[in-house]
Each structure stands twice: as C-alpha cells, then as structure tokens.
Amino acid sequence: MSRIGKFLKLPARDRELVVSAALSMIRTTIGLRVLGFDRMRQRVQLPARRSRAWCGPPPRRTVAPPPERIAWAVRAVGVVTPRGSNCLVRALATQTMLARYGYLSELKIGVRKSEDGRLAAHAWLESAGGVIIGDAELDSYTPMSVPPTAASRA
C-alpha cells in the first residue's frame, strides 16, 4: 500500500497529528538553517503562552494526544521529509509539538567516539522522566550540559 493510502486509512485524529508533525519538521528544518540552534531552542522553550504563538495553537480537540503519540507522528513523518532522519530536527520538532499541548520537555545532547575515532553526537528528548524520541543507543553517549537559553533563565 502506498504512503498516501496508509495516511488516508488513519483515523482523522492521527491524520491531523501527522500533518501537524510534517509542518513542525519543515518549520524546524528551515528554522535551524535560518535562525540557528540557539534561536530555535529559544523559540521552543518560551513560556507556554508565548510558545504557542510560535508553535501554533493546539488543534480544536478535547484531549491532547499523549507525548508518545506525538513522537510517533514525528517519526512517521521523518522518513519522508528532508532532514527528517536528523536526530536534532526530530527532537526539536517533537519539543515544539509537545509545547503546543502544554507538555514540558527537555532537550538532551550526548557525544561519543565512533569506531573510526571521530566524535559523534546525538540529540534526544525527555518528558515526564522518560525518553520520548531519540532513544537509540543512549547508553553509548555521554550527556553534555546544554546551556540554558535566555528564555529559560528569565
């Protein structure tokens, strides 16, 4: 079955979430290129009311999707969007969507030496004490301290 066919077979709530995830991934990819990492992170970490202005208001649904479902939508869209396999893009896009629904989350970045001796980095997102997206091989990465943004210090 084609991707479009699979998309059309999804329940309406999931289709809405997938479209929202696609827009978040595209916005994040462009934002990282145009604004850079620090400014993108600041926009995502604004206080909830101001963050929604950047992230967009939550859809008119009565119940927010669980964080795991939001991460599912970002992963699903990641396979078809440019730079969608990039862990930083996925983590920031997920964080943006979580902020839309009022969920708190924390971006984590870790480093390790790859087999060829080069430095490798990985980004993941934690919320409510668990990893929401980017949980592959986390035990091999040493978490770095990500400096707070101006928005989070205020």
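The values are calculated or read from the model by the stated rules, or taken from the named source; none is laboratory data. Note that the structure is a prediction, hence the values are computed from the model and not measured. Glycine gets a Cβ as well: all are built from the backbone with ideal geometry, and neighbour counts include every protein chain shown.
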Looking across region 52-110 at residues that are of a type in the set (Val, Ile, Thr) and in contact with a helix residue (DSSP H, G or I) (Cβ under 6 Å, 6 or more places away or on another chain), the single one that is modelled with the lowest pLDDT is Thr81
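When residues of region 113-138 are filtered for being surrounded by 12 or more Cβ atoms within 10 Å (Cβ to Cβ) and at negative phi, how many remain? Step through it out loud before you land on a result.
From region 113-138, those surrounded by 12 or more Cβ atoms within 10 Å (Cβ to Cβ) are 120-127, 131-135, 138; that's our starting set.
Within this subset, residues satisfying the condition of being at negative phi are 120-127, 131-133, 135, 138.
So the answer is 13.
With the structure loaded, tell me whether Leu92 is touching a residue at least 60 places away in the same chain (Cβ under 8 Å) and either assigned to a loop (DSSP other than H, G, I, E, B) or over 30 Å from Ser2 (Cβ atoms) (or both) or whether it fails that test.
Working: touching a residue at least 60 places away in the same chain (Cβ under 8 Å): yes; either assigned to a loop (DSSP other than H, G, I, E, B) or over 30 Å from Ser2 (Cβ atoms) (or both): no.
Spelling it out, it is not the case that Leu92 is touching a residue at least 60 places away in the same chain (Cβ under 8 Å) and either assigned to a loop (DSSP other than H, G, I, E, B) or over 30 Å from Ser2 (Cβ atoms) (or both).
Report whether or not Gly110 is surrounded by 14 or more Cβ atoms within 10 Å (Cβ to Cβ), over 13 Å from the mean Cα position of the chain (by Cα) and closer than 25 Å to Gln42 by Cβ.
Values: surrounded by 14 or more Cβ atoms within 10 Å (Cβ to Cβ): yes; over 13 Å from the mean Cα position of the chain (by Cα): yes; closer than 25 Å to Gln42 by Cβ: yes.
Taking the combined requirement at face value, the residue satisfies it.
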Subset of region 8-48, residues at pLDDT below 90, within 14 Å of Met97 (Cβ to Cβ) and small (Gly, Ala, Ser), comes to Ala48
